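Structure first, commentary second.
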Amino acid sequence: MKFLRLLLGTCFLFTSGLLFAQTNISVNTSNSSTVISKHIYGHFAEHLGHCIYGGFYVGDTSKTIPNTNGVRNDIIDALRKLKIPNLRWPGGCFADTYHWKDGVGPKNKRPEMVNKWWGGVTEDNSFGTHDFLNMCELLGAEPYLAGNVGSGTVQELADWVQYVNFDGKSPMSDWRKQNGREKPWNVKFWGVGNEAWGCGGNMRPEYYADIYRKYATFMGGGLMQIASGANSADYHWTETLMSQIPLHMLGGVALHHYSVIDWNHKGPATDFSEQQYFATMKSACFMDSLVIKHSAIMDKYDPKKKVALVVDEWGGWYDVEAGTNPGFLYQQNTMRDAMIAGVTLNIFNNHADRVRVANLAQCINVLQAVILTDKEKMILTPTYHVLEMYNVHQNAKLLPVTIKTNDYVLGNDKLQAVWASASKDSLGATHISLVNIDSKKSQDITVNFDGAQFKTVSGRILTSAKLTDHNTFEQPDKLKPIAFNGANVKGSTVNVKLPPFSVVVLELK
Ligand code: AHR
């Protein structure tokens, strides 16, 4: 009897041990009514540091860097490969200081201004509306223009809409034609100010809601107008906008959330400790709760989910690299950033019914960039590679996932270790993106694709020897995705062994 009890106890411990060591993901393949908008994979280009000048734009007189109308060809190629769906411009905080009329017409006649938020540098307005919108055409990306509400006027923003979108005869469309562009660009995405609670004017949400209504009225219909949204967990902001702005005037409500350890002690971008890694990931994983809570507020006022949650600034934010201008926000990009990107994009995919536009901050040389440049050199960051691996989800049908996973434990704190999302594309291929954020432990994962039958699995992995690893101008390909052989499939079940701090995207057919 004693022996039997001992045996049963051992079996229980063994079984529970096994269960504990195993991550189970079940994928609902029959409920695929939500499409993952490609615009979740959007980017952001502000007049900040070397994002535009010395990043995208080298000027059409550059002899050393091949370019098209001043925009670097290597950057165009890399972003097209990424399938960049939209690009937000000209800010950020800069947007509420920007007067678009100073950035059109002959370049030698454009007035200068001071970029008061970002380093106090002189902006010569050489990269303006035509440059940006033509660049979007080269990239195959939809433009997302952020209008100046903080220091502009209603007339100025209404004129901008007319200048870029009006096909008939009008003062603004005539001026556009004089400046060399016959046909309108038909810009759909319009931000009505940026961070109205902060650099956009330090407004209260009640006041901003009224301001928004006024601007939206004179901008006209047929646009996707996006209200300046909450700072992270400011739920009162979302509640106020949703209750005070009529739904027919709202295309989207924004949300900004950065993965930051502590705004006063952000820590280094590359030489970080495990504690700093954990704290960053805690902030990144918090996006899940933010999206759920802001969406729940939106559901109260908009149960049919007409209004999109637009996460138009997200990403990791660290101390600037030594020796660089503190106002330029230039930081390196490691496997930690790959983890942030992998987790965040899985969160957005899984909430694609409400999150329909998002913009990583920022595209080139600023914050969690996908590209870094140094004169004629250019490198792709680990974040670039994650976005490229994940682009299979763009416009695919979301397959809802349920995840039971271990925790990534550090001291007394813990985080969900494995994050995933799945989709089925228009050609019938199923994809699942998996992230293991644990810095030390690999994860054995069993994925059950409820009702599906697969014959083959293939995939790629992004990982490295150390979390702090990154690409440099000397070693540009230290980190890049490689073929992944750690998955096998039998019918509807896929078994995967996911190494520590890795991102894997699998294709099943
Ligand atoms: O992305 C950098 C800045 O962060 C943006 O200009 C602003 O909107 C946010 O505070």
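Table: residues versus (1) crowded, with 18+ Cβ neighbours inside 10 Å; (2) more than 16 Å from the ligand (Cβ to nearest atom); (3) not assigned by TED's automatic domain parsing to the domain that holds ASN202.
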| site | (1), (2), (3) |
| --- | --- |
| GLY105 | no, yes, no |
| LYS109 | no, yes, no |
| LYS116 | no, no, no |
| VAL121 | no, no, no |
| GLY128 | yes, yes, no |
| MET135 | yes, yes, no |
| ALA141 | yes, yes, no |
| ASP159 | yes, yes, no |
| VAL164 | yes, yes, no |
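Residues checked against (1) touching a Phe, Trp or Tyr at 6+ places or on another chain (Cβ under 8 Å); (2) within 16 Å of the ligand (Cβ to nearest atom):
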| site | (1), (2) |
| --- | --- |
| SER33 | no, no |
| TYR41 | yes, no |
| GLU46 | yes, yes |
| VAL58 | no, no |
| LYS63 | no, no |
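Of the strands (runs of 3 or more DSSP E) lying entirely inside the range 84-186, those carrying at least 1 residues that are in contact with a Leu (Cβ under 7 Å, 6 or more places away or on another chain) are 86-89, 142-147. Being buried (at least 23 other Cβ atoms within 10 Å of the Cβ) and within 16 Å of the ligand (Cβ to nearest atom) is a property that ASN148 has. Being more than 25 Å from ASN86 (Cα to Cα), surrounded by 22 or more Cβ atoms within 10 Å (Cβ to Cβ) and away from the ligand (no atom under 16 Å from the Cβ), is that true of even one residue in the range 178-186? No, the conditions are met nowhere in the range 178-186. Among the residues making up the range 388-418, those that are surrounded by fewer than 22 Cβ atoms within 10 Å (Cβ to Cβ) and within 14 Å of the chain's Cα centre (by Cα) are GLU388, ASN391, GLN394.
Checking the stated criteria, ALA338 turns out to be buried (at least 24 other Cβ atoms within 10 Å of the Cβ) and aliphatic (A, V, I, L, M). Of everything in the range 443-502, what is surrounded by fewer than 20 Cβ atoms within 10 Å (Cβ to Cβ), within 29 Å of GLN275 (Cβ to Cβ) and of a type in the set (Val, Ile, Thr)? Give them in sequence order. Across the range 443-502, the qualifying residues are THR468, THR472. For the range 223-263, a tally of residues being part of a loop (DSSP other than H, G, I, E, B), more than 15 Å from the ligand (Cβ to nearest atom) and either out of contact with any helix residue (DSSP H, G or I) (no Cβ under 9 Å at 6 or more places or on another chain) or within 30 Å of ASN186 (Cα to Cα) (or both) returns 5. Is there a residue in the range 310-327 that is more than 15 Å from the ligand (Cβ to nearest atom), outside the structural domain of TYR408 (by TED's automatic domain parsing) and in a helix (DSSP H, G or I)? No, the range 310-327 has no match at all. Summed over the range 202-222, residues that are crowded, with 19+ Cβ neighbours inside 10 Å and either touching a residue at least 12 places away in the same chain (Cβ under 8 Å) or within 13 Å of the ligand (Cβ to nearest atom) (or both) total 8.
Please verify whether the range 61-82 includes one or more residues that are under 30 Å from TRP197 (Cβ atoms), modelled with pLDDT of 95 or more and buried (at least 20 other Cβ atoms within 10 Å of the Cβ). Within the range 61-82, none of the residues are under 30 Å from TRP197 (Cβ atoms), modelled with pLDDT of 95 or more and buried (at least 20 other Cβ atoms within 10 Å of the Cβ).
The values are calculated or read from the model by the stated rules, or taken from the named source; none is laboratory data. None of the values given here were measured: they were computed from a predicted structure. Here the Cβ is made from the backbone with ideal geometry for all residues, glycine too, and neighbour counts use every protein chain on show.
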